[in-house]
Number of protein chains: 2
Amino acid sequence: MLKRYLLAPGPTPVPPEILLRMAMPVIHHRAPDFIPIFESARNRLKWLYQTNNDVLILTSSGTGAMVASVNNFFNAGEHALVVNGGKFGERWTKICRSYGLEVNELAVEWGHAVRPEAIEAELKKDPAIKAVFIQAVETSTGVYHDIEAVGEVMKKHKDVLFIVDAISALVAQDLKTDAWGVDLMVGGSQKGLMLPPGLAFLSVSEKAWKKAEGSKLPRFYFNLKKEREGLHKNQTSFTPAVSLIAGLDEALLMLEKEGLASVFARHARLAEATRQAVKAIGLNTFPAESPSNSVTAILAPEGIDGQAIYKTLREKYGVTAAGGQDKLKGKVFRIAHLGYAGTFDVITAVSAIEMTLRSMGYPVKLGSGVGAAEELLIEKRAS
Amino acid sequence: MLKRYLLAPGPTPVPPEILLRMAMPVIHHRAPDFIPIFESARNRLKWLYQTNNDVLILTSSGTGAMVASVNNFFNAGEHALVVNGGKFGERWTKICRSYGLEVNELAVEWGHAVRPEAIEAELKKDPAIKAVFIQAVETSTGVYHDIEAVGEVMKKHKDVLFIVDAISALVAQDLKTDAWGVDLMVGGSQKGLMLPPGLAFLSVSEKAWKKAEGSKLPRFYFNLKKEREGLHKNQTSFTPAVSLIAGLDEALLMLEKEGLASVFARHARLAEATRQAVKAIGLNTFPAESPSNSVTAILAPEGIDGQAIYKTLREKYGVTAAGGQDKLKGKVFRIAHLGYAGTFDVITAVSAIEMTLRSMGYPVKLGSGVGAAEELLIEKRAS
């Protein structure tokens, strides 16, 4: 028996409480029993999103809500600014272009965070821009873009929608949707929310609803206006993934019990401990700045293939991490500390990395990374 | 404690075996452990679909695959024939129009099945028609359209795609995708397949793939060409609902053990027993012809509101059936015998109907419907 540990940046492990809740008998989505579950999940989602706007629940992967952020609000030919600092920045570009939008790409070197003044400059250069698309956490690089600072820039551009992919960030980062003026914020079930994949979330501001009125792009499954109309009856347009929504309700209840501030502090603590441990082992994290609380990308040492590290972690130690994507393939491997994650998930990850590297011939002082993580995790817990 | 029975035409009850399989730890969709599960589910889906073509698995409600059947194969302005004999026929029209297709509607009186020669006539009248959209089982009326007979007509029209919504029919009806020349067949998880909602299925013929090459409608989440490209690696384009796919594998294994012929015979038997019981109670089923094996729509007796029957079934007896939709609201109520359904689900449904009607003042000989169902279920079992 090789005991398994899922430490990838999504899907993430699902707590037994949630697995069992989802294993309860299926409830009909139009039956009265479903209403309080849906209502409770919706209300708690608003709490998690720190918004007074509605948060819509879609049955799809997170990408579905990214698509919905485009095809409900814009028209072909409209200009959009996409902050592209990794694989998921690229995805915004591809989606926008699929629907005929004119994309200005603000390329950000992988491993760096966007400079808000660069966004300001782009907006000044092209006053036709109708939206800024960005990731909160760019999963491929492990970088957090400073959404608050970008929000400050956006406040000066009242006619431009501020659209944030928070799929990997939600729960791990403190994201103040309303206070920071985010018009659309995308989430997914299989990350911080500790659920299997299959649900996507989207908060929509009044400003965005107004912009939506002029949008003529074809849509049917992702038709947010129709979804909104159903909300007063606590209904979705189409049969929703009811078992996942019951699980969502359970997950949000767990997060509520912990408290938002504690949830964010826990993620920050685990991320920091991971980074300190990596340093103590003698490796470097990939981000040059602004590392996220969700996932840590670690540079493979000279002469060792990052994909081989990722494979050894999985095959020899049962730890499912993530490799590098696209231009980072072979150069980095990634460890998540996201969702149902605690002290000993970090210890397990760091220990597995130590053993993996030693077995691959890289000189590691066994226990060095674990010790550094412990140091920080004791301290932080005591405080 | 009011014990609950889910006897609606989707979602349907999920067997404990499947609930527990889905409660297993989440597997990463890019990890090797997921490959054999996905591959096995895909292969068994082909078996269920009776096709050699690939059956794509999408994370969405069944409607998602209906949309994918339009936006991947056509262009705005192209002509389509929609067989509209109920609520879900209407949905085909709405989806086609959302994407700018010119829809000819072949209206079929609710409760009737389409006459294949009417389709032939429409195709002759408008040679610009590029596709025929139809339901196998129209859930709102409980009618089965004779897909084999329509397929015979379609074989004379080699340039027209034959597109069947089999969401409520799959598993309950013998549908020979390849033999009957169905180009696209849509399925969903929460019906005959005994799973929670969240997955949609779509078989695609080579003829359809060829037609897809010329399609320019915008798409990203439902991009079937991309989904097809991922299949050789047993991968989906976006994070799929992995726990539902594990459940799908389990469901298909259960169906395989029973055998396709037995599965269809079971559904036919349960449907027939339901209809005989309804008759014995002194009520009429709604379909004027071709009742489905999936769901039975029952006419409320004179002076009794169909919605009140549906509500009493649920509130007093714990039986979640379905009411009437749109023009049938108040006129019918519907009982499913679909998926994880056996002899005593029919007995429960019939018994609950008897007690409900009696309590609402309608003269019912208690036990009359149950007796009739028993008669048929003993006979059929013995044969």
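Readers should treat all values here as calculations from the given coordinates under stated rules, not as data from a laboratory. Just so we're clear, the structure is a prediction, and the values are computed from it rather than from any experiment. FYI the Cβ positions are ideal-geometry reconstructions off the backbone, even for glycines, and counts take in every protein chain you see.
In percent, rounded to a whole number, the relative contact order of the stretch B:114-252 is 17, using alpha-carbon pairs under 8 Å and six or more apart. Against chain A, whose longest principal axis is taken from its Cα atoms, helix A:34-49 shows a tilt of about 70°. Take every DSSP beta bridge whose two residues both sit in chain B; close to 50 percent of them are antiparallel. Rounded to the nearest 0.05, the FRET efficiency derived from the C-beta distance between A:Glu117 and A:Asp178 at R0 = 25 Å is 0.55.
Positive contributions from Lys and Arg (+1) and negative ones from Asp and Glu (-1), summed over other residues with Cβ under 12 Å from the Cβ of A:Thr274, come out at +2. Other protein chain C-beta atoms within 10 Å of residue C-beta, averaged over B:315-327: 1. Annotation for A:Arg97 and B:Glu39: the two label points, set 7 Å from Cα along the Cα-Cβ direction, are 3.4 nm apart. Each residue of the stretch B:132-137 was assigned a 3J(HN,Hα) from its phi angle through the Karplus expression (A = 6.51, B = -1.76, C = 1.60, θ = phi - 60°), giving 10, 9, 8, 9, 6, 10 Hz with x at Gly and Pro. Summing Cβ point charges (Lys, Arg +1; Asp, Glu -1) relative to the Cα centre of chain B gives a dipole of roughly 620 debye.
What separates the B:Arg30 label point from its copies, with the point 7 Å along Cα to Cβ, is 4.1 nm, written shortest first. The phi torsions of the stretch A:258-263, fed into the Karplus equation with coefficients 6.51, -1.76 and 1.60 and a -60° offset, translate into couplings of 6, x, 4, 4, 5, 4 Hz, rounded to whole numbers, with Gly and Pro shown as x.
In this structure, the amide hydrogen of B:Asn84, modeled 1.01 Å from its nitrogen in the peptide plane, lies closer than 5 angstrom to those of B:Leu106, B:Ala107, B:Val108, counting only residues at least 5 positions away or on a different chain. Where a ≥ b ≥ c are the square roots of the eigenvalues of the C-alpha gyration tensor, would you call chain A rounded, which needs a/c under 1.5, or, failing that, prolate if a/b is larger than b/c, or oblate? Oblate is the answer for chain A, as a/c is 1.5 or above yet b/c matches or exceeds a/b. Looking at the protein assembly as shown alone, DSSP beta bridges between its own residues are antiparallel in about 50 percent of cases. Starting from the Cα of A:Lys124, step 7 Å along the direction of its Cβ; do the same at B:Lys311; then give the gap between the two resulting points in nm. Reported label-point gap for A:Lys124 and B:Lys311 is 6.4 nm. Model label sites at A:Asp326 and A:Ser368, defined 7 Å from Cα along the beta-carbon direction, differ in position by 3.4 nm. In this structure, A:Glu375 and A:Met254 have a Cβ-Cβ separation that, at R0 = 30 Å, corresponds to a calculated FRET efficiency of about 0.60. Pairs with C-alpha atoms separated by more than 25 Å, drawn from the list A:Lys3/A:Lys191; B:Lys87/B:Lys210; B:Lys124/B:Lys329; B:Lys46/B:Lys191; B:Lys124/B:Lys191; A:Lys226/B:Lys130, are B:Lys87/B:Lys210; B:Lys124/B:Lys329; B:Lys124/B:Lys191; A:Lys226/B:Lys130. A Cβ-based charge dipole, computed about the Cα centre of the protein assembly as shown with Lys and Arg at +1 and Asp and Glu at -1, lands at about 180 debye.
Positive-end ranking of A:Phe162, A:Gly85, A:Pro287 along the dipole of the protein assembly as shown, with charges on Cβ about the Cα centre, is headed by A:Pro287. Mean per-residue shielding of peptide B:4-12 is 4, counting Cβ atoms of other chains within 10 Å of each Cβ.
Legend: mean number of C-beta atoms from other chains within 10 angstrom of residue C-beta atoms, peptide A:242-251, equals 3.
Here the relative contact order of the stretch B:16-257, from alpha carbon pairs under 8 Å that lie six or more residues apart, stands at 30 percent. The equivalent ellipsoid of the protein assembly as shown has semi-axes of 47, 29, 25 Å, largest first, where each one is the square root of 5 times an eigenvalue of the Cα gyration tensor. How would you classify the stretch A:241-282 from its alpha-carbon gyration tensor, with a ≥ b ≥ c the square roots of the eigenvalues: rounded for a/c under 1.5, else prolate if a/b is greater than b/c, otherwise oblate? Here the stretch A:241-282 falls in the oblate category. When B:Lys210, A:Lys46 are arranged by Cβ crowding within 10 Å, least crowded first, meaning fewest neighbours, the order is B:Lys210, A:Lys46.
Summing Lys and Arg as +1 and Asp and Glu as -1 over all other residues whose Cβ lies under 15 Å from the Cβ of B:Val204 gives a net charge of +1. Note on A:Arg358 and B:Met24: with the Förster distance fixed at 30 Å, the Cβ-Cβ geometry gives a FRET efficiency of about 0.40.
Residue exposure proxy: A:Lys327, B:Lys87, A:Lys158, ordered by other Cβ atoms within 10 angstrom of their Cβ from fewest to most, comes out as A:Lys158, A:Lys327, B:Lys87. Expressed as an acute angle from 0 to 90° and rounded to the nearest 10, what is the orientation of the C-alpha long axis of helix A:116-125 relative to the principal long axis of chain A? Helix A:116-125 sits at roughly 40 degrees to that axis. The orientation-averaged projection of the convex hull spanning the C-alpha atoms of the stretch A:259-382 amounts to 7.5 square nanometres.
Taking every C-alpha pair closer than 8 Å and separated by at least 6 residues, the mean separation divided by the residue count of the stretch A:239-383 gives a relative contact order of 26 percent. GNM on chain B, alpha-carbon springs under 10 angstrom: the most fluctuating residue among B:Pro291, B:Pro13, B:Pro301 is B:Pro301.
Using the Cβ of B:Ala80 as centre and a radius below 11 Å, the other residues enclosed give a net charge of -3, where K and R count +1 and D and E count -1. When B:Pro16 is represented by a point 7 angstrom out along its Cα-to-C-beta vector, the spacings to that point in the other copies are 1.8 nm, nearest first. Helix A:62-71 sits at what angle to the longest principal axis of chain A, using alpha carbons and giving 0 to 90 degrees rounded to 10? With both axes taken from Cα atoms, the answer is about 30 degrees.
Only the Cβ atoms of Lys and Arg (+1) and of Asp and Glu (-1) were treated as charged; on that basis the dipole of the stretch A:122-237 about its Cα centre amounts to roughly 540 debye. Taking other C-beta atoms within 10 Å as the exposure proxy, B:Met24, A:Met66 rank B:Met24, A:Met66 from fewest upward.
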